[in-house]
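Below is one structure, written out as structure tokens; the observations come after it.
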Amino acid sequence: MTTNLNMHFRWFARQLRPLLSAHALSMILIVLSSLMYLVDPLLIKWLIDRVLPKKDFHLLLLVAAGFFGIYVCRLGLSALAGLVSFRTVQDLVFRIRLSILEKMNRLSADYHETTPIGEKLYRMEQDVDQVAELGSSLVPYALQTAFNAIFVVGTMFVLDFKLTCMVLPLVPLFYVFRNYFDSRLREASDSAQRQSSKESSFLQEHLASVIQIQLLHQEKNQTQMFLERAAARVKALNHRNLVEILFRTSYMTIITLGTIAILGYGSYQVFVTFVSAFVTRTSAPTTDPPDCCHLRSQGRPDEDGHPAMDAGHRL
């Protein structure tokens, strides 16, 4: 199986070689767009820590302009990356279909007689579209995910080391779920492609010989055969969709647990800091103002040293 995968990767690499410059440009735009996502939290931190306490309206306008500029740059870079990626996919589809057509023209007559037309057409249309789209988007998406992870983890280390250490133990769970669903996703996808190819082949053969089927009164048999193939295709597609949903749900569960851990620990830190400040403020010794009457009485004592005698003497 590993040998087949290596052969497939080498074949696909040969197809991508003429389009490496376009892929490199798309990757650069994706990396720059990923960098834009990190500026928002840093700008919000600066807004909360520096701008709002100073109550500086000019800095507030600068922050608002910064948010707008970041948003525009992020949209522009994402749009350019999508445009370059789409054109690259179309060029790759054209090259792969042309090479398959040239190869089919060189195949023997035995192959064309034994292979249904629908299966060959499905290979040239559906399989080529899926391989080209997946292959062209796989590397950019993988790079975007990797750079986002590196940038976000680095920013988290800079902002709060403890919160980052709480989230890092959840990272191996992504690898565990990936290995668990890898074979299941591959089997479900292969089954769905096989059933779709069978249905397409049947429809091609049926439409090519529909006059003979009518003369032989085989409409009901053909309809029953189509129902069987269509039911098998729908079942395979539903199974693949279920496995994909379970895979996405597992990943989102890990992300949710990490979010809950960050918010919970951050709230705990804020609460502990607030309680400590409140206790410190309430337990500090108070400096009450001295009693004026006491000071006045201490300032002028009578001869006997009793304040009441002095007050009686003045009366």
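The values are calculated or read from the model by the stated rules, or taken from the named source; none is laboratory data. What you see is a predicted model, and the numbers here were worked out from it, not measured in a lab. Methodologically, a virtual Cβ is constructed for each residue, glycine included, from the backbone with ideal geometry; neighbour enumeration extends over all protein chains shown.
Can you find a residue that is at pLDDT below 80, of a type outside the set (A, V, I, L, M, F, W, C) and more than 30 Å from residue 248 (Cβ to Cβ) anywhere in region 137-154?
For region 137-154, residues at pLDDT below 80, of a type outside the set (A, V, I, L, M, F, W, C) and more than 30 Å from residue 248 (Cβ to Cβ): absent.
Output yes when any residue across region 212-220 is free of Cβ contacts under 8 Å to residues at least 60 places away in the same chain and in contact with a Phe, Trp or Tyr (Cβ under 7 Å, 6 or more places away or on another chain), and no when none is. Full working, then the answer.
Our first condition is that a residue be free of Cβ contacts under 8 Å to residues at least 60 places away in the same chain; within region 212-220, this holds for 212-220.
Now drop any that are not in contact with a Phe, Trp or Tyr (Cβ under 7 Å, 6 or more places away or on another chain), which leaves none.
No, because not a single residue in region 212-220 is free of Cβ contacts under 8 Å to residues at least 60 places away in the same chain and in contact with a Phe, Trp or Tyr (Cβ under 7 Å, 6 or more places away or on another chain).
Could you look through region 24-33, keep only residues that are surrounded by fewer than 18 Cβ atoms within 10 Å (Cβ to Cβ) and under 17 Å from residue 89 (Cβ atoms), and pick out the one that is modelled with the highest pLDDT?
25
Looking for whichever is among the hydroxyl-bearing types (Ser, Thr, Tyr), in contact with a helix residue (DSSP H, G or I) (Cβ under 7 Å, 6 or more places away or on another chain) and free of Cβ contacts under 8 Å to residues at least 60 places away in the same chain here; the options are 201, 189, 183, 197. Which one fits?
Testing whether each residue is among the hydroxyl-bearing types (Ser, Thr, Tyr), in contact with a helix residue (DSSP H, G or I) (Cβ under 7 Å, 6 or more places away or on another chain) and free of Cβ contacts under 8 Å to residues at least 60 places away in the same chain leaves just 189.
Has region 144-151 got any residue that is surrounded by fewer than 14 Cβ atoms within 10 Å (Cβ to Cβ), touching a residue at least 12 places away in the same chain (Cβ under 8 Å) and not basic (Lys, Arg)?
Among the residues of region 144-151, not one is surrounded by fewer than 14 Cβ atoms within 10 Å (Cβ to Cβ), touching a residue at least 12 places away in the same chain (Cβ under 8 Å) and not basic (Lys, Arg), which makes the answer no.
Name the helices (runs of 4 or more DSSP H) wholly within region 37-135 that hold at least 3 residues that are touching a residue at least 60 places away in the same chain (Cβ under 8 Å)? Lay out the reasoning, then the answer.
Details: elements: 57-106, 109-114, 117-122.
Output list reads 57-106, 117-122.
Could you tell me whether any residue of region 209-229 is within 34 Å of the chain's Cα centre (by Cα) and assigned to a helix (DSSP H, G or I)?
Checked against the condition, which is being within 34 Å of the chain's Cα centre (by Cα) and assigned to a helix (DSSP H, G or I), region 209-229 yields no hits at all.
With (1) modelled with pLDDT of 80 or more; (2) closer than 25 Å to residue 149 by Cβ as the list, and residue 60 as the residue in question, which single condition is left unmet?
(2)
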